[in-house]
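**Q** Sending over a structure as structure tokens; questions will come in a sec.
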Amino acid sequence: MELFPEPFRIKTVEPIKMISREEREAELKKAGYNLFLIDAEKIFVDLLTDSGTSAMSDKQWASIMVGDESYAGCRNFKNLEKTIRDIFGFKHLIPTHQGRAAENILFSLMVKPGDYVPNNTHFDTTRANVEANGGVAMDLVVDEAKDLTSQFPFKGNMDIKKLENFIREVGPDKIPLGMITITNNSIGGQPVSLDNIRQTAAVYRKYGILFFIDACRYAENSYFIKTREPGYENAKPIDIAREIFSMADGCTMSAKKDALVNIGGFLALNSDQLFEQFKQKLILVEGFPTYGGLAGRDLEAISTGLYEGLDEDYLKYRIAHTRYLADRLEEEGVPYVKPSGGHGIYVDAKAFLPHIPQEQFPGQALVAALYLEGGIRSVEIGSVMFAKYEANGKIIPPALELVRLAIPRRVYTLSHLDYVASVFGKVRQNMEQIKGLKFTYAPKALRHFTARFKPVEE
Ligand code: P70
């Protein structure tokens, strides 16, 4: 296995502490077996998300110090606008406090009841924002995505045939915009090929549909294109990114991922007319157009982070680091979505805990077990997050029941990852004792954030 050591050294450390098993057990019960409801100080290795959890560089912290906090016309906005034009090529920038605020502005102005929005796979906040405006969020990912063991290099791809059939079926006038999410988070952080983005763009263009990219992990996606797509092995990630976005009309971005900051996002686009509308909405819900939902210092840290996130040495380390955890889990006999993704490993909870039926949330049960055994925080991406229900209340479970181990950028060392793999080994030894869960409280939308559970037999 080729390892690529961290292309940085550590200048500041943040102590973490392991509490006792008894304390962890009490914390779990108190939180209703929902790890979102446990205090971060009670966690040892936090793999809940790679979003907003990056370690900023010395240069990014220096950027914070050159923040210009003028209400209007701060220099950091100009700088970020320049960066966005350089990397993404879009004319207009709408800075928001995070990705979902960009989604809110985009969909609330473009989607009306009865509309459809196609995507390879909508992320949950994207889906919720489409649905909140009366739209239908349609997922049209390739079939390879459903085969967890397939080594297909671009499992995140859009199924181009399904996309075109879908547009014909509902009619392009019912589709105010089409999207693609890079990388495809919900199915395992799997990349989309440049060829597939090109074909997706061509289909949208053919039917006169605006094309927006959900760009959260575009840098990791660019690196996968470089290493997996013939013809790009000598291209720089930044040039691949430029090529990707040259095919789109705009993008939504959560800067909390590949821009390596702890808060921030944006919407970027070419249309002057849409920009005018989005800008008015931005003023209403976020702030004046030259800071949006952020402070000047945040805008500057994003500018710096966008370039660092595209650095080839950084990306080589990032992808090798994630693959290291995959290889260690493989040694422990843990089934996960193959090939390993960009920002995390997605464990197949249905295969790992075959004695727990889907209606008893095997993913959530595994999340709880990993915390109890080793103080690890992960997140369920399965029935808790995505199940639908028949009118009589019967569950319609999603195809996949996954547990995501998201890896914060530049934060954990290889020995943290070794530790995570060893905890899986221990959980496996006592697997039969792990019980399924049932809801004691479940809100209607985005329920995974606040739901509560208890073990089934209680
Ligand atoms: C994650 C976070 C956010 C996200 C995304 C894509 C492809 C938009 C957004 C929204 C959310 C999360 C999930 C579970 C636990 C904690 C956090 N993804 N599009 O970790 O962006 O969060 O900035 O509003 O992945 O995957 P934002």
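The values are calculated or read from the model by the stated rules, or taken from the named source; none is laboratory data. The structure presented is a predicted model; accordingly, all values stated were derived computationally and were not measured. For neighbour counting, all protein chains shown are included, and Cβ atoms are generated from backbone atoms with ideal geometry for every residue, glycine included. Surface areas here come from the heavy atoms of the whole protein model, side chains and all, with no ligands, DNA or RNA. Shrake-Rupley method; radii C 1.70, N 1.55, O 1.52, S 1.80 Å.
**Q** Taking into account only those residues within region 223-243 that are hydrophobic (A, V, I, L, M, F, W, C) and in a helix (DSSP H, G or I), which is most open to solvent (accessible area, probe 1.4 Å)?
**A** Applying the first criterion (hydrophobic (A, V, I, L, M, F, W, C)) to region 223-243 yields 224-225, 235, 238, 240-241.
Narrowing the set further to residues that are in a helix (DSSP H, G or I) leaves 224-225, 238, 240-241.
Working: 224: 5, 225: 0, 238: 28, 240: 2, 241: 0 Å².
Checking each candidate, the answer is 238.
**Q** I would also like to ask the following. Condition test on residue 89, is it open to solvent by 30 Å² or more (accessible area, probe 1.4 Å) and away from the ligand (no atom under 16 Å from the Cβ)?
**A** It is true that residue 89 is open to solvent by 30 Å² or more (accessible area, probe 1.4 Å) and away from the ligand (no atom under 16 Å from the Cβ).
**Q** Does residue 144 satisfy being closer than 25 Å to residue 283 by Cα and at pLDDT 95 or above?
**A** Answer is no for this residue.
**Q** Answer yes if at least one residue in region 361-373 is at pLDDT below 95 and either surrounded by fewer than 24 Cβ atoms within 10 Å (Cβ to Cβ) or on the phi > 0 side of the Ramachandran plot (or both), and no otherwise.
**A** no
For every residue, the table says whether it meets (1) within 16 Å of the ligand (Cβ to nearest atom); (2) of a type outside the set (S, T, N, Q); (3) assigned to a strand (DSSP E or B); (4) under 16 Å from residue 365 (Cβ atoms).
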{"residue": "416", "(1), (2), (3), (4)": "no, yes, no, no"}
{"residue": "421", "(1), (2), (3), (4)": "no, yes, no, no"}
{"residue": "424", "(1), (2), (3), (4)": "no, yes, no, yes"}
{"residue": "448", "(1), (2), (3), (4)": "yes, yes, no, yes"}
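**Q** From the list 49, 121, 96, pick out the single residue that is more than 30 Å from residue 365 (Cα to Cα), at pLDDT 95 or above, within 16 Å of the ligand (Cβ to nearest atom) and hydroxyl-bearing (Ser, Thr, Tyr).
**A** Only one candidate passes the filter, namely 96.
**Q** Which residue out of 186, 246 is open to solvent by 20 Å² or more (accessible area, probe 1.4 Å) and either polar (S, T, N, Q) or at pLDDT below 95 (or both)? Break it down into steps so the answer makes sense when it comes.
**A** Values: 186 fails: open to solvent by 20 Å² or more (accessible area, probe 1.4 Å).
Exactly one residue qualifies, and that residue is 246.
**Q** Here is a further query. Which ones in region 148-183 are of a type in the set (S, T, N, Q) and either open to solvent by less than 10 Å² (accessible area, probe 1.4 Å) or part of a helix (DSSP H, G or I) (or both)?
**A** Across region 148-183, the qualifying residues are 165, 181, 183.
**Q** Can you tell me which residue among 304, 252, 290 is touching a Leu at 6+ places or on another chain (Cβ under 7 Å), of a type outside the set (D, E, K, R) and assigned by TED's automatic domain parsing to the domain that holds residue 196?
**A** Selected residue: 252, the only one of 304, 252, 290 that is touching a Leu at 6+ places or on another chain (Cβ under 7 Å), of a type outside the set (D, E, K, R) and assigned by TED's automatic domain parsing to the domain that holds residue 196.
**Q** Looking at region 63-86 only, could you name the residues that are without any contact (Cβ under 8 Å) to a residue 24 or more places away in the chain and open to solvent by less than 50 Å² (accessible area, probe 1.4 Å)?
**A** The answer is 81, and nothing else.
**Q** Could you check, for region 273-282, whether at least one of its residues is out of contact with any Gly (no Cβ under 6 Å at 6 or more places or on another chain) and within 16 Å of the ligand (Cβ to nearest atom)?
**A** Scanning region 273-282, I find no residue that is out of contact with any Gly (no Cβ under 6 Å at 6 or more places or on another chain) and within 16 Å of the ligand (Cβ to nearest atom), so the answer is no.
**Q** In region 246-263, how many residues are within 16 Å of the ligand (Cβ to nearest atom) and either in contact with a Gly (Cβ under 8 Å, 6 or more places away or on another chain) or among the charged types (D, E, K, R) (or both)?
**A** Number satisfying all stated conditions: 12.
**Q** Can you tell me which residue in region 395-407 is nearest to the ligand (Cβ to nearest atom), limited to those that are assigned to a loop (DSSP other than H, G, I, E, B) and out of contact with any Asp or Glu (no Cβ under 9 Å at 6 or more places or on another chain)?
**A** 398
**Q** Go through region 375-386 residue by residue and tally those that are assigned to a loop (DSSP other than H, G, I, E, B) and either within 16 Å of the ligand (Cβ to nearest atom) or open to solvent by 50 Å² or more (accessible area, probe 1.4 Å) (or both).
**A** The initial filter retains those residues of region 375-386 that are assigned to a loop (DSSP other than H, G, I, E, B), namely 375, 378, 382.
Filter again for either within 16 Å of the ligand (Cβ to nearest atom) or open to solvent by 50 Å² or more (accessible area, probe 1.4 Å) (or both), leaving 378, 382.
Here the count works out to 2.
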